[in-house]
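The values are calculated or read from the model by the stated rules, or taken from the named source; none is laboratory data. Everything quoted here is computed from the prediction, not taken from an experiment. FYI the Cβ positions are ideal-geometry reconstructions off the backbone, even for glycines, and counts take in every protein chain you see.
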Amino acid sequence: MKTILFVMNTMGRAGAERALIALMNALPREEYQISLLSLVNRGEMFQEVPEHVHILNKHPKARSVLSPGGQLALIGTTAKCFFYRLRGFSLLGYLIRNLRMQMKDKIRLDKLLWRVISRGTPAPDQEYDLAVAYLEGASTYFVADAVRARKKASFVHIDYQKAGYNASLDLDAYDQIDRIFSVSEEAGESFLRVYPKHREKLALFRNIIDVDRIRELSRDDIPADSPFLASRATYKLLTVGRLNYQKGYDIAIPALGLLRDRGVDVDWFILGEGSLERELRAQIRDAGLEGHFILLGSKQNPYPYIRKADLYIHATRFEGKSIAIEEAQVLGKAIIASDCTGNREQIVPGENGILIPLSAENIADSIEELLQQPERIKAFEEASAAKDLRHQKDMDAFLALLKT
């Protein structure tokens with residue numbers, strides 16, 4: 001039986017983690033012995049790990065990584081890793097050099113400290129047939145430098161440049177990786193602008209989507225006390241995603257203000273949590289949109305909300321490839337998305353949705369126009385539901401690593 005180790009940064013409730021769960025479920029359990037290690041021992045998705053997967057973390061904590069407690073856990077993990085066998089001190093030059101580089105643009109402490117976490121995490125004793133870093137940053141560094149495996153693979157889920165990664169942060173990690181999978185063509189091209197030398201290693205692996213499970217879970221009831229059910233708006237919009245800069249909620253809020261000023265009776269619901277919650281709540285309050293732009297928090301089962309929404313909106317600054325868009329397509333939703341990396345490969349404009357330049361005016365105009373065309377919404381819904389999201393050829397390419 002072949003052995004596979006998957007390594008994650010955290011097991012928070014986000015798109016990559018949901019895709020990993022689907023991938024582990026899709027691998028034949030009679031052929032592969034699967035292990036999982038999360039470098040930060042925290043995240044709600046621990047509770048969804050398949051029973052046949054061996055979790056290497058001791059006492060995994062299925063709690064939010066984005067709550068105040070989760071932030072403290074991340075700080076604690078970083079400190080523990082820094083002082084583990086005093087390994088962090090060897091990174092002082094690296095940290096200073098890259099902090100100076102970030103100060104010229106934008107400081108991203110998470111990107112800066114992934115190396116500390118990877119360097120200070122003890123490596124598994126076992127040697128694996130395949131070790132997979134399922135995210136950029138710490139997991140990739142850890143698999144490259146610490147894990148013993150016959151083959152090594154890593155995944156790129158984001159627009160590598162816009163997310164803040166670069167060769168100085170990565171050191172030579174990707175030199176130690178045998179195959180690099182990007183979840184979209186554009187994510188791959190962004191990666192290659194940083195690493196043109198790794199073109200021959202790059203392959204496409206679109207996210208695994210558990211279509212049947214999503215459809216089954218979408219039939220669950222929404223809690224009776226949910227603000228989603230309490231809304232009396234004519235139309236309900238929905239977005240799923242963490243409350244961070246990438247997701248563009250600071251632009252979505254004024255877009256809703258424009259819609260309501262025009263007399264469009266619409267409420268906008270957000271499923272997710274994150275570091276910008278306080279700022280976004282203040283912006284909502286200042287815009288007079290309390291009770292209309294509603295942060296519902298993270299939900300273990302987001303699919304009933306997606307199914308019952310009138311439109312799914314994904315107006316983000318950048319993506320690798322959005323799991324949330326694909327899940328909305330599984331549930332047959334009409335989608336309006338920003339014209340950015342990743343989204344362009346998921347939406348065929350005029351066929352299963354609309355792509356727009358990211359601005360409050362464009363978002364509001366597109367939503368207002370589409371809501372006035374129910375026959376067009378229906379056509380988009382039918383096209384979304386008909387889209388094939390199983391990607392068996394990509395799985396074959398992944399498994400080929402175990403045969404060479």
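Listed residues 222, 208; which is at pLDDT below 95, aliphatic (A, V, I, L, M), surrounded by 12 or more Cβ atoms within 10 Å (Cβ to Cβ) and in a loop (DSSP other than H, G, I, E, B)?
Being at pLDDT below 95, aliphatic (A, V, I, L, M), surrounded by 12 or more Cβ atoms within 10 Å (Cβ to Cβ) and in a loop (DSSP other than H, G, I, E, B) holds for just one of 222, 208, which is 208.
The residues of segment 383-399 that are in a helix (DSSP H, G or I) and exposed (fewer than 12 other Cβ atoms within 10 Å of the Cβ), listed by number, are 386, 392, 393, 396.
Can you tell me which of 111, 106 is part of a loop (DSSP other than H, G, I, E, B) and either touching a Pro at 6+ places or on another chain (Cβ under 8 Å) or at pLDDT below 95 (or both)?
On the way: 111 fails: part of a loop (DSSP other than H, G, I, E, B).
The match here is 106.
Counting only helices (runs of 4 or more DSSP H) that fall entirely inside segment 235-331 and contain at least 1 residues that are at pLDDT 95 or above, in contact with a helix residue (DSSP H, G or I) (Cβ under 9 Å, 6 or more places away or on another chain) and farther than 23 Å from residue 207 by Cβ, the qualifying elements are 249-261, 277-286, 303-308.
The set of residues in segment 235-259 that are buried (at least 24 other Cβ atoms within 10 Å of the Cβ) and either of a type in the set (Lys, Arg) or not assigned by TED's automatic domain parsing to the domain that holds residue 336 (or both) contains only 247. Which of the residues that make up segment 343-359 are under 22 Å from the mean Cα position of the chain (by Cα), closer than 18 Å to residue 330 by Cα and in a strand (DSSP E or B)? Result: 353, 354.
Answer yes if at least one residue in segment 310-332 is more than 21 Å from the chain's Cα centre (by Cα) and not basic (Lys, Arg), and no otherwise.
yes
Within segment 117-125, does at least one residue satisfy the condition of being polar (S, T, N, Q), in a loop (DSSP other than H, G, I, E, B) and touching a Leu at 6+ places or on another chain (Cβ under 8 Å)? Yes, that holds for at least one residue. Scoring residue 159 on the criteria (1) assigned to a strand (DSSP E or B); (2) in contact with a Gly (Cβ under 8 Å, 6 or more places away or on another chain) leaves a single failure, condition (1).
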